[in-house]
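Undergrad: Submitted below is the structure of interest, expressed as structure tokens.
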Amino acid sequence: MLSLPADILILIFETLSVSDLTSLSLTCHDLHNIVTTYGWSAYLRANPRPSYTLSKTRSMWTPHQQALYDNLTDHAWSKPKFISRPICRPWAGKLQPVLAISPSRLVIGAWSNLHSYAFGAPNRNRLMASPPVRYEGSVSLLFAPGTHPHLEDRPRSITAISFVPDGGRDVVLDVAFLDGALERVILQPPSYSSLFDSDTPNSSAAPILQMSRTKLASMPNNDFIESLSVDSTRSVVLALASNGGARLSSIPQIDYTNLDDPLSLSSLSISDPTASHISISCRSWKSLLSLSSPYPYAAFGSSSSTPLVIHSITDGATLSPFPSAILHIRSVVDKIERRDAKLRLDRLERMQNVIEDSNTSTSTSTAGDSKPPSLPSSAVYGLTHAPHCAPWGASSQVLVSGWFDGEVRIYDLRNRDRYGTTTSYNVSAPSSAPASTSTNSTPLRSSTPAQTRQIQVPLLKPSLTLADKWSDEPIYAVSAGGGSGACVAAGTGRHSVVAMFDVRVGGYGGLVGRSGDEGLGVVSAYAKMNENSSTTNGGGGGGRGMSTRWGRDNDAPGADADGDGDGDDLEHDEGLMKGWSVHAPGNDQSPVYDVVMESDRVWGVTQARGFVFDFVSSSSLFCF
């Protein structure tokens with residue numbers, strides 16, 4: 001093996017595990033040097049573990065130390081073993097906070113305040129300790145008394161926040177408010193040394209966080225923004241209003257080099273760029289922007305009979321007014337497919353009867369049979385992409401969605417087999433408006449031009465469905481990542497419960513899947529919940545860390561999970577995919593309004609506090 005060229009060794013190392021590389025490095029001095037030089041770097045390239053909180057730390061670690069850290073966190077996820085603790089004191093009142101995260105900091109928007117937490121690097125004396133996170137301070141976005149008397153009585157609750165590109169400083173955010181306002185906030189955090197170069201981070205002197213802000217153009221009719229989605233590579237932001245209005249606009253290029261100068265910050269003027277506007281005409285909750293996809297698109301979650309729709313984006317950064325695909329529940333799509341198949345069979349039989357009997361009237365009407373079935377209403381509250389190391393691959397065309405019925409559904413827009421049928425979709429548009437095209441290049445057929453047009457839109461069924469058998473609470477937020485990038489976190493609608501799913505069914509010795517849930521390149525699973533187990537409870541005021549492990553299903557084979565009466569929803573095997581759920585610290589009777597999952601931590605917020613699940617080590621230096 002020592003005689004092989006280095007490029008061949010690198011290809012071999014990419015297929016080896018941590019234990020294999022460790023065994024090789026212990027064989028002899030020469031192999032130890034080769035593994036140190038090439039092996040660990042090749043392993044990291046083949047097994048990335050994205051984490052915002054590790055952005056500063058990884059530059060200080062050797063490839064071997066990075067692989068060791070990732071292996072320890074993956075092992076902690078498999079137990080699961082973690083520390084659960086709040087990251088702040090309880091807020092006054094019942095709030096609906098939101099999260100924004102970047103490689104430098106985590107920001108929580110609660111009521112009219114922004115709370116900032118900076119990510120640091122461990123002390124060189126304890127280089128392998130957990131990367132620290134320190135509280136930077138809070139700022140209020142309320143108007144000073146007397147400065148805006150006509151606006152002081154308007155609600156200033158924050159509804160959405162998102163970081164925007166600023167050259168890597170991660171201090172510029174777009175903040176939306178309940179009164180319909182939209183502002184760009186530039187944080188001026190304390191110096192890094194004052195936060196991290198002290199052995200006593202929780203000193204009596206509170207950090208001083210300052211900011212400046214600039215008003216941006218609000219949505220039409222001053223509707224408040226429910227969701228903000230930013231593509232940092234192309235400097236584009238997608239804003240979704242509560243009534244269904246959507247705006248896609250470019251972020252103006254501004255010189256942020258003088259952010260430390262308060263005078264230059266206060267004089268910043270941001271012009272309103274030319275934007276693309278559409279309306280999906282229903283109560284909307286979540287948006288997701290994907291410009292890196294081969295077919296750029298925007299996804300919208302709403303409360304309607306079409307709760308999750310895909311709108312294509314042209315090269316000119318223009319939103320299509322018509323959906324290119326409707327993503328719905330599998331049982332609903334299957335029913336429509338069966339109905340369409342029956343209609344085709346009935347038409348074929350009629351044609352055969354006409355040919356066989358020339359006296360049969362050919363004017364038989366099928367208008368009643370061809371009436372499109374109505375789709376049931378539901379709601380989608382959470383949308384996200386998976387990290388590049390996910391088992392289904394690094395594709396931005398895979399969507400993870402959280403639904404009102406308590407299920408997490410994963411859709412693969414690349415899978416043509418999932419576009420089983422089409423449905424009619426009414427749109428109000430001029431007769432000359434062009435028809436859209438779907439993300440799988442299927443043209444949409446339009447009816448006779450009129451003020452209200454009817455187009456045929458493909459229906460897409462999920463490729464993977466995850467759920468908790470014992471809970472039907474709505475899923476308010478979803479995030480993907482975790483151990484090996486194979487986990488999904490779902491924030492539920494009550495009792496501050498976060499449900500965790502792992503899509504690697506094979507690692508748990510069995511599966512139970514929905515019939516027809518193929519695709520994504522992974523074994524499909526329908527997680528069910530049973531058996532109790534405990535999880536590590538962090539000290540230091542971490543609260544009670546309760547969890548439940550999901551085990552073997554007690555349903556009979558062929559159970560009817562979706563209630564459609566066909567009784568063929570589940571394909572049972574010897575075992576089940578295992579999952580678990582955990583209460584956030586404090587056990588608040590509250591939804592989990594937002595979650596962000598990394599390779600080593602899960603951040604979340606309830607109505608009373610922010611919290612974190614830390615999978616690094618119970619002896620970590622994680623502190624606030």
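Undergrad: Structure shown: which of K286/K461; K56/K94; K215/K286; K56/K286; K79/K461; K79/K286 lie over 26 Å apart, alpha-carbon to alpha-carbon?
TA: Over 26 Å Cα-Cα: K56/K94; K56/K286; K79/K461; K79/K286.
Undergrad: Could you work out how far apart the two model spin labels at S305 and S138 are, taking each label as a point 7 Å from the Cα in the direction of the beta carbon, and quote it in nm?
TA: 4.6 nm
Undergrad: Run the simple label-point estimate for K94 and L4 please: 7 Å along Cα→C-beta, distance reported in nm.
TA: Spacing of the two 7 Å Cα→Cβ label points: 6.2 nm.
Undergrad: Also, quick follow-up: How would M219, M211 line up from fewest to most surrounding beta-carbon atoms within 10 angstrom?
TA: Working: M219 22, M211 18.
Listed from fewest to most nearby Cβ atoms, that is M211, M219.
Undergrad: Given H placed on each backbone N at 1.01 Å, which residues far from V595 in sequence or on other chains put an amide H within less than 5 Å of it?
TA: For V595, whose amide H was placed from the backbone, the distant partners under 5 Å are V478.
Undergrad: Taking a point 7 angstrom from the Cα of S250 along the C-beta vector, which residues in the range 224-241 have backbone N less than 15 Å away?
TA: 231-238
Undergrad: Using modelled backbone amide H atoms (1.01 Å from N, in-plane), which distant-in-sequence or interchain residues come within less than 5 Å of R213's amide H?
TA: Long-range HN contacts for R213: I186.
Undergrad: Can you figure out the FRET efficiency of H277 with L68, using R₀ = 41 Å and their beta-carbon distance, to the nearest 0.05?
TA: Efficiency, rounded to the nearest 0.05: 0.25.
Undergrad: Let me ask something else about it. Run the quick spin-label model on E14 and R416: label points 7 Å from Cα toward the beta carbon, then report their separation in nm to one decimal.
TA: Going from the E14 label point to the R416 one covers 2.8 nm.
Undergrad: Would you mind calculating the gained length between A46 and K81 on full extension (0.36 nm times residue separation, minus the Cα-Cα distance), in nm to one decimal?
TA: 10.1 nm
Undergrad: A follow-up question, please. Gain in length, R234 to S55, computed as 0.36 nm per residue apart minus the alpha-carbon separation, to one decimal in nm?
TA: 62.3 nm
Undergrad: Right, something else. What base-10 log of the normalised intensity I(q)/I(0) is obtained for the range 6-71 from the Debye formula, alpha carbons as equal point scatterers, at q = 0.14, 0.24 Å⁻¹?
TA: Log10 of I(q)/I(0), two decimals: -0.39, -1.01.
Undergrad: How would T22, T53, T314, T384 line up from fewest to most surrounding beta-carbon atoms within 10 angstrom?
TA: T314, T22, T384, T53
Bear in mind these aren't lab numbers, they're just calculated from the coordinates by the rules spelled out. Owing to the predicted nature of the structure, the values given are computational and were not obtained by experimental measurement. Glycine also receives a Cβ, built like all others from the backbone with ideal geometry; neighbour counts cover every protein chain displayed.
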